[in-house]
1. Report the residue count in segment 15-33 for those that are without any contact (Cβ under 8 Å) to a residue 24 or more places away in the chain, open to solvent by less than 100 Å² (accessible area, probe 1.4 Å) and assigned to a loop (DSSP other than H, G, I, E, B).
2. If PRO93 satisfies every condition in (1) in contact (Cβ under 8 Å) with a residue 24 or more places away in the chain; (2) surrounded by 11 or more Cβ atoms within 10 Å (Cβ to Cβ); (3) over 30 Å from THR179 (Cβ atoms) but one, which is the exception?
3. For the condition farther than 25 Å from VAL294 by Cβ and of a type in the set (D, E, K, R), what is the one hit in GLU377, GLU373, GLU383?
4. Is it the case that some residue within segment 115-129 is near the ligand (Cβ under 9 Å from one of its atoms) and either open to solvent by 10 Å² or more (accessible area, probe 1.4 Å) or not small (Gly, Ala, Ser) (or both)?
5. Which residues, counting only those in segment 301-318, are under 14 Å from ILE372 (Cα atoms) and open to solvent by less than 90 Å² (accessible area, probe 1.4 Å)?
6. Can you tell me how many residues within segment 108-126 are modelled with pLDDT of 95 or more, more than 9 Å from ILE169 (Cβ to Cβ) and in contact with an Asp or Glu (Cβ under 8 Å, 6 or more places away or on another chain)?
7. With the structure loaded, tell me whether GLU84 is under 26 Å from the mean Cα position of the chain (by Cα), within 30 Å of GLY370 (Cα to Cα) and open to solvent by 80 Å² or more (accessible area, probe 1.4 Å) or whether it fails that test.
Amino acid sequence: MKPELAERLRKMPPYLFAELDEMKAEKLREGVDVIDFGVGDPDLPTPQPIVEAMKKAVEKVENQKYPTYAGMLSFREAAANFYERRKGVKISPEDIIALIGSKEGIAHLPLAYVERGDVVLCPDPGYPVYPSCTILAGGEPYFMPLKAENGFLPELKAIPDDIARKAKIMFLNYPNNPTAAVAPKEFIKQAVDFCIDNGIVLAHDAAYSEVTFGVKAESFLSYGYENIIEFNSLSKTYNMTGWRIGYAAGDADVVKALLKVKTNVDSGVFQAVQEAGAFALNECDEWIDRNNRVYEERAEKLVKGLKEAGIDAEKPKATFYVWCRVPEGYTSMEFAKKLLNEAGVLVTPGVGFGEHGEYFVRFALTRDVGVIEKAVERLKGLEF
Ligand SMILES: Cc1ncc(COP(=O)(O)O)c(C=O)c1O
């Protein structure tokens with residue numbers, strides 16, 4: 001007899017892309033050179049100086065031991081300096097903790113605050129981890145629609161009072177995956193006030209804060225610390241997705257609560273990775289600009305090509321995603337299948353990010369310009 005899976009796992013949303021994955025595998029078997037714009041994982045390498053810093057750090061015997069739970073002081077100081085230098089926010093290293101990637105911290109936060117039946121406010125479309133970690137903690141996701149006509153910002157006034165009363169956490173993410181929207185000051189201020197008034201933790205996911213083109217993505221901590229925790233990642237900033245390092249900063253009580261959960265489930269980030277991470281945060285600003293120039297050029301090429309192919313698209317101000325509306329008459333899944341079948345181009349159907357992602361698809365700019373040009377040529381041959 002097999003043991004029954006826990007309700008929290010049975011409640012996990014179904015994986016929507018199995019059919020698309022199978023179609024991709026079939027195309028590859030047929031020998032089609034599939035151009036994959038699905039993956040949100042930079043194709044560019046980690047800057048070599050960071051790799052060199054890691055090589056040195058890994059040799060040190062003291063780095064081969066268990067790390068401290070909160071992270072090395074040198075890493076937390078580097079994060080504090082980064083906040084002050086790039087975001088104009090002063091924060092004590094005491095109120096910063098290292099994470100095994102920002103996903104880890106995001107996923108553990110609800111365990112600190114959510115009781116069975118409590119609500120967590122999640123953006124829709126949004127990073128699927130927000131509703132999943134809510135369900136794992138026994139909570140109920142309440143989806144806040146992000147609509148194009150509102151600049152992909154949730155309407156806080158539309159959140160019913162009883163939901164606001166039951167809510168423990170609000171997840172927000174700007175610059176936004178998948179819509180590429182950047183949050184204006186007025187909205188950030190409103191969200192901060194809403195969360196303070198309702199006793200809600202404002203969990204801001206700033207994974208793409210440094211991937212910007214001519215705009216500045218503000219830290220939510222520019223508007224105070226009360227109730228706010230901001231999640232940061234080295235993954236997208238320095239092409240370090242595989243290294244698994246990020247950090248959380250903000251309200252001392254919220255950061256401590258997350259640390260208490262983590263102390264019971266993990267044993268911190270490999271110190272050599274923290275040393276290399278501190279080096280990145282202290283010394284590698286020029287690499288951020290270099291990366292952004294690459295993404296901006298790709299975005300321009302892709303958007304111009306999509307328009308020529310008859311697909312409505314706009315150059316993003318931030319992130320390495322192009323979020324575009326599908327032509328009339330298609331769902332996002334139908335359109336993604338058509339691009340794969342007829343052009344060998346793989347994109348992510350918006351519905352995978354929530355029901356309000358329907359009628360959009362996401363292109364990740366993780367392919368070089370030559371590949372983007374090839375994809376555009378193929379798309380121009382299609383009829384919609
Ligand atoms: C919106 C968003 N947040 C967080 C993450 C997680 O990043 P990491 O765990 O690598 O820091 C991702 C990764 O794709 C993301 O898109």
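The values are calculated or read from the model by the stated rules, or taken from the named source; none is laboratory data. Computed from a prediction, not measured in an experiment: that's the story for all the values here. Glycine gets a Cβ as well: all are built from the backbone with ideal geometry, and neighbour counts include every protein chain shown. Just the protein is used for accessible areas: all its heavy atoms, side chains included, with ligands, DNA and RNA removed. Shrake-Rupley method; radii C 1.70, N 1.55, O 1.52, S 1.80 Å.
1. Residues in segment 15-33 being without any contact (Cβ under 8 Å) to a residue 24 or more places away in the chain, open to solvent by less than 100 Å² (accessible area, probe 1.4 Å) and assigned to a loop (DSSP other than H, G, I, E, B): 1 in total.
2. Only one criterion is unmet by PRO93, namely (1).
3. None of the others qualify; the one that does is GLU383.
4. Checked segment 115-129: at least one residue is near the ligand (Cβ under 9 Å from one of its atoms) and either open to solvent by 10 Å² or more (accessible area, probe 1.4 Å) or not small (Gly, Ala, Ser) (or both).
5. LYS301, LEU302, VAL303, GLY305, LEU306, ALA309
6. Within segment 108-126, residues that are modelled with pLDDT of 95 or more, more than 9 Å from ILE169 (Cβ to Cβ) and in contact with an Asp or Glu (Cβ under 8 Å, 6 or more places away or on another chain) number 1.
7. Here the answer is no, as GLU84 does not meet what is asked.
Per-residue answers, yes or no, for (1) over 15 Å from LYS87 (Cβ atoms); (2) in contact with a helix residue (DSSP H, G or I) (Cβ under 8 Å, 6 or more places away or on another chain); (3) part of a helix (DSSP H, G or I); (4) open to solvent by less than 10 Å² (accessible area, probe 1.4 Å):
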{"residue": "ILE169", "(1), (2), (3), (4)": "yes, yes, no, yes"}
{"residue": "PRO175", "(1), (2), (3), (4)": "no, no, no, yes"}
{"residue": "GLU186", "(1), (2), (3), (4)": "yes, no, yes, no"}
{"residue": "GLN190", "(1), (2), (3), (4)": "yes, yes, yes, no"}
{"residue": "PHE194", "(1), (2), (3), (4)": "yes, yes, yes, no"}
{"residue": "ASP197", "(1), (2), (3), (4)": "yes, no, yes, no"}
{"residue": "LEU202", "(1), (2), (3), (4)": "yes, yes, no, yes"}
{"residue": "SER209", "(1), (2), (3), (4)": "no, yes, no, no"}
